[in-house]
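Note sheet for the following structure.
What follows draws every value from the coordinates through simple rules; no lab data is involved. Nothing here was measured: the structure is a model prediction, and the numbers come from that model. Every residue, glycine among them, receives a Cβ derived from its backbone with ideal geometry; neighbour counts consider all protein chains shown.
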């Protein structure tokens, strides 16, 4: 065996490929996750969950569990009621039961919490709790939730007589109707984006430690939004905010699953208060899949209008949104359907209108999760399927139809019919590049040849526009907290630096990317920059990481703070060099005298001087640091062109994804390796959702996706070798021009895969996931409902 | 972390020791070999044995793939990976390698055992269908002696086998035939998943006649994992597409698939036929030495 030793690549002084700094500990198994937190005297909690989807609680008897020798406390909804904590506010103007008091409303709902000496005893004691239920008929089919005789799920809400949550619309209805009336061609299609789950490798959990002496509560919790959690705990539980510290350690994946506050966290806190000892609660895999934030569950009816020559004029959609038992989606307050109204996608339309109706069902609450950019996933899927339906109707090539209708570069900044202001883009360039990488014309020839031999091959295209980096605080808040984020940069006397962030990595590589931003701005090596995040006592306030907002918002904050440091360094340098500030010029890492490049001071020399005895100009304080709270002026709009090639076995319906070409434009790439890694992950997500992932329910309310034997995630064997490409269109309003990329591939890829499969079998539509059974049934003309038990 | 209910643990030093422990602890004791079926069920608290009797120390006695007389013998403690990598297994029955290649994933195959798989008797179990296809026999031992049962008498229903509470499976014996080919076809929703449907085929040829045949079916509720009707059609027939079609029709009728999240019953019935056709084609090609 020959060993090839490559010389280590030099660390880039700023943007560029470099290995992730955090991986040094991850690949050695030295990450530190919530379950690695062990405190002296720590107890363990476990949650008793409802076996029913809908039932009245008649009686709960905890006496046998309390008699278990290792049990320290048993908490029920009745216990919490005495503390005023049985219910907590949701993130969407609703309430969520912490522990059920009156009824259970979904299978897996939290009913009681046991605190014991060890995890096994806590779990054993759950079986000693007797709960007498009076079963009620459940509402499992969102399409029947609003029928007049449907059982009322939320009878806890005074005067509630149905399962309706909200009606919301966007766009110009009259103009849209007019465009449809004038259209040559109208195509309509029903489609379901089924309920899926983010399924992070690490499940949710918390360790709560209420210090009975200081009254300070410390919570270790894998949260994507530590600061928001702290403020919410303060507002809800009445604990003083300065006496709460939330620490988000290493997180094994979030994907939106770890944005909200789960009942288990609150129970761990109450458990610690009751027992005066730290309490750890870690959910197991089935608990995670059955009870925590799901994603999607959108039943959509789309209509697309066009002229005879293929010019798309209008788009209209009606959505039935299944929000589960509590309306607990996490999104900016003003937008009950998230950013779904960007459903006009990447096309130049005259008019568009959407109507969304939210309903309660007896399913787990949640709705916005799984890398969806607040429902842009559903929007992108809708429009990209509708465009393919139109191409099918008109007998047009889907690539040609898209090229004919994509927004033109000169139209940017572009205000879409539902009001979004797209910052920048060159869409035709990205699609042409993808077509070229794919060898599109040759693929179509190959497909035609294969068809004559009875072989099924399909080519699917998706062009998506993302809207990320929420967001401008005058438009966007979560429970009243504006979506601005803080950052602090401090250069130590020896020229090393620390940057403190309000956002929180769940695997995205923040410790590397944000060090590279500081490096780019100050010329300090990323190796010399420590990134601190995930601890509310040690970082500035901000709303956290989700919706691909870290580099668009916190990245901008870090860039601005770094530039402020640079500006201060300039003043210090002017004192050191005894020249006027205006006589200095910057090159990366150094201020020097204009016209005399040899006369200059490095950022390291300046840092030392700023902490030393150098006499500073009037009004300039010592040390070298700065901070910024960044309020984004607009969202950013990454986009991309995806092409998927599949082969379908006509006898079994099995789909093989042969190729996947992904051209992404997320502006300049800070660390291209990390960006590509995120794209690879999102593409795998897309293959999973398109082909295998779904959480369905039977009519009795049983969750049919409660384990990894039932909820299938894609493996390397289902993924082709991704072919990635890029175009670069900077955002004009972001200090670095970067747009964010975390969710692009998840948003854009499902439609490409579905379009490819349907192209292969020559059918206009079938709902995801396109399992072998669903593909075969579709070929027989009888696709099934994927959200219900298969019969 | 999913945690099983409290359970006692014993470690058997020999086959006789394992049997003695089973007798001592009674019917709520369970043998554990690779543990890749039993432990997940225990963690989900779907299985709750009082005592686990660990037989991993019996690997030396019971892990082998070898020829004994006219039989290919596979010891009960043979790990899936060992069967997958056994040249002698592949030399006689390619179906064994076909199936092992699609059983779970490498991590499971490193640990899971042949005996554990067929004693678990999951209705979707691949090796149950494979051994049904091959007309294998199971060798079972108790304190009163050793008995040999045909696969038809081994599988008594879902999760139920002829192995009694104080008995242990020692090995599976497959009669060696000449002039035969075998193959296994499986449709799964994703690599490593249980079969939506899987079909095994054995074709023994004498010139242009099928002298003996086996058709095994997994995950479609076929009695004893077999289709006697398909086998009947094949025996004595010419190995042609028409014969395979007739056998496929018979196999798809000779089962009782249930709808579940892997697929509706009509799809599974279709697959039983489609995969029978494919497995027979491949087995026949191999019998003729036409396919590697």
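What the table below lists for this structure:
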item: For q = 0.15, 0.20 Å⁻¹, Debye-computed log10 I/I(0) when each Cα of the range A:24-173 counts as one equal scatterer; result: -0.89, -1.23
item: Cα convex hull volume per residue for the range A:358-515 (Å³); result: 250 Å³
item: In degrees, nearest ten, helix B:265-287 long axis to first principal axis of chain B (Cα); result: 70 degrees
item: Sites residue A:173 and residue B:285 - FRET efficiency at Förster radius 56 Å, r taken between beta-carbons, to 0.05; result: 0.30
item: Virtual spin-label span in nm between residue A:578 and residue A:455, 7 Å along Cα→Cβ; result: 8.1 nm
item: Rg ratio (alpha-carbon, reference 2.2 N^0.38 Å) - the range A:328-411; result: 1.31
item: log₁₀ of I(q)/I(0) at q = 0.33 Å⁻¹ - the range B:8-53, Debye sum with one point per alpha carbon; result: -1.22
item: Part-to-part distance (alpha-carbon centres) for the range A:9-38 and the range B:47-63, which is given in Å; result: 41 Å
item: Peptide A:766-778, shielding by other chains (average Cβ, 10 Å cutoff); result: 4
item: Per-selection Rg to Rh, the range A:418-460 - Cα, Kirkwood hydrodynamic radius; result: 1.26
item: Cα gyration tensor shape of chain B, rounded if a/c is under 1.5, else prolate or oblate by comparing a/b with b/c; result: prolate
item: The range B:163-240 shape via C-alpha gyration tensor axes, a/c threshold 1.5; result: oblate
item: Gyration tensor (alpha-carbon) shape descriptor, the range A:215-284, a/c threshold 1.5; result: oblate
item: Sorted by Cβ density within 10 Å, fewest first, the residues A:613, A:272; result: A:613, A:272
item: For the protein assembly as shown, convex hull volume per residue from C-alpha positions, Å³; result: 202 Å³
item: Helix-only [θ]222 nm of chain B, DSSP H runs n ≥ 4, -39500 (n - 2.57) each, per residue, nearest 500; result: -10000 deg cm²/dmol
item: Cα centroid separation, the range A:485-531 to the range A:58-80 (Å); result: 48 Å
item: Rounded to 10°, Cα long-axis angle of helix B:241-253 versus longest principal axis of chain B; result: 40 degrees
item: Value of relative contact order over chain B, rounded to a whole percent, pairs C-alpha under 8 Å and six or more apart; result: 15 percent
item: 0 to 90° range, to nearest 10: angle between helix B:15-25 axis and chain B longest Cα axis; result: 60 degrees
item: Hull volume in cubic angstrom per residue (convex hull over the Cα atoms of the range B:107-230); result: 119 Å³
item: Spatial separation of Cα centroids for the range B:93-165 and the range A:598-677, in angstrom; result: 54 Å
item: Projected-area mean, the range B:180-287, by convex hull of Cα positions, square nanometres; result: 6.0 nm²
item: Helix-only CD estimate at 222 nm, as mean residue ellipticity for chain A, using -39500 (n - 2.57) per DSSP H run (n ≥ 4); result: -8000 deg cm²/dmol
